[in-house]
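The values are calculated or read from the model by the stated rules, or taken from the named source; none is laboratory data. Just so it is clear, the structure is predicted and the values come from calculations on it, not from any experiment. No Cβ is skipped: glycine too gets one built from the backbone with ideal geometry, and neighbour counts run over all protein chains shown. Ligands, DNA and RNA are stripped out before the accessible areas are found, and what is left, the full protein with its side chains, is counted by its heavy atoms. Shrake-Rupley method; radii C 1.70, N 1.55, O 1.52, S 1.80 Å.
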Amino acid sequence: MMSEQRFVHYTIGNAAHDRQHWELLKQMDALVAAIHHHQPCGGLMDAMVGALELHFIDEDEFMVS
């Protein structure tokens, strides 16, 4: 499970992107748990891919600005 102490290594100082990083890492933890427990993970993968696409679009726009 993602702890705030572990998360601090993934912050960049931008509140919006840090929130997205937090959510992505929580989703990744949920995916790992589902795989570990032999549970279906298609929905988790779809959500993660969507979140990653949005995150990289937002991050790219931020870096260009």
Solvent accessible area, Å² - residue 55, 1.4 Å probe, full protein context: 10 Å²
For the chain, size of Cβ-based charge dipole, Lys and Arg +1, Asp and Glu -1, in debye: 300 debye
Where Rh is the Kirkwood radius over Cα pairs, Rg/Rh for the chain: 1.03
Per-residue HN-Hα couplings for the stretch 18-24 [Karplus 6.51, -1.76, 1.60; θ = phi - 60°; Hz; x = Gly/Pro]: 5, 4, 5, 4, 4, 5, 5
Sequence of 29, 60, 46 when ordered by accessible area, the most exposed leading, probe 1.4 angstrom: 46, 60, 29
